[in-house]
Amino acid sequence: MRMGKSEKSLSEDPNLGANAPDIDIGINADDRKAISESLMQVLADAFTLYLKTHNFHWNITGKMFNSLHLMFETQYNEQWIALDEIAERIRALGYNVPASYKDFQRLSTIKDDTTVEHTDWREMVRQLTLGNEAVSRTARKSLEIADKAGDDPTVDMLTSRLKVHEKNAWMLRSLLQ
Ligand SMILES: [Fe+2]
């Protein structure tokens, strides 16, 4: 079958294809920028906490090994899935995701000062308690910005993240009381 002239030209010349339309989801550009930038901070904090939690899962020693090795695993698995959701929300709002170690270090409020010498379980639990609270604070700031802009999907996502991180902080803190 012979291809029509216009069909052939379309497939061979990408400039003749449709261009991506501008984003128009009912949130103005300034708000999309502010929400995205706040989500980048949430992502950086969440990734740093994820890595710290996985690190402690690997390096835990002592009489609490069994229960904490498992507890940390439950937490980092849940956090890993959430990272994808946060990053893809940034994309849906029209921004690229800063996701290198450099980006995360620059944007995170959690100090990534973990070394393999930190194997005392109480110190691990203390750091993870503080880490979960740090993510909660950053997520809460972002939620306020999203809420003012009427960005319900982001509000919904961050509400879920707050529930998880505040619960984690409570459970971790309880181990030290
Ligand atoms: Fe493991």
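Descriptive notes on the structure:
Conditions tested, residue by residue: (1) within 17 Å of residue 78 (Cβ to Cβ); (2) surrounded by 17 or more Cβ atoms within 10 Å (Cβ to Cβ); (3) aliphatic (A, V, I, L, M); (4) in contact with a Lys or Arg (Cβ under 8 Å, 6 or more places away or on another chain).
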{"site": "122", "(1), (2), (3), (4)": "no, no, no, no"}
{"site": "145", "(1), (2), (3), (4)": "no, yes, yes, no"}
{"site": "160", "(1), (2), (3), (4)": "yes, no, no, no"}
{"site": "167", "(1), (2), (3), (4)": "yes, no, no, no"}
{"site": "174", "(1), (2), (3), (4)": "no, no, no, no"}
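- Filter result for residue 97 (outside any helix (DSSP H, G or I), under 17 Å from the mean Cα position of the chain (by Cα) and hydrophobic (A, V, I, L, M, F, W, C)): yes
- Hits in region 114-130 - residues which are in contact with a helix residue (DSSP H, G or I) (Cβ under 7 Å, 6 or more places away or on another chain) and either at pLDDT below 70 or among the polar types (S, T, N, Q) (or both): 114, 116, 118, 119, 127, 129
- Matching residues, region 28-63, being touching a residue at least 24 places away in the same chain (Cβ under 8 Å) and within 16 Å of the ligand (Cβ to nearest atom): 50, 51, 52, 53, 55, 56, 59, 60, 61
- Being touching a Ser or Thr at 6+ places or on another chain (Cβ under 8 Å), free of Cβ contacts under 8 Å to residues at least 60 places away in the same chain and under 22 Å from residue 161 (Cβ atoms) is a description that does not apply to residue 89.
- Residue match in region 76-83 (condition: away from the ligand (no atom under 11 Å from the Cβ) and buried (at least 19 other Cβ atoms within 10 Å of the Cβ)): yes
- Taken over region 100-114, the residue count meeting the criterion of being charged (D, E, K, R), outside any helix (DSSP H, G or I) and surrounded by 13 or more Cβ atoms within 10 Å (Cβ to Cβ) is 2.
The values are calculated or read from the model by the stated rules, or taken from the named source; none is laboratory data. In this text, all values refer to a predicted model and were calculated from it rather than measured experimentally. Every residue, glycine among them, receives a Cβ derived from its backbone with ideal geometry; neighbour counts consider all protein chains shown.
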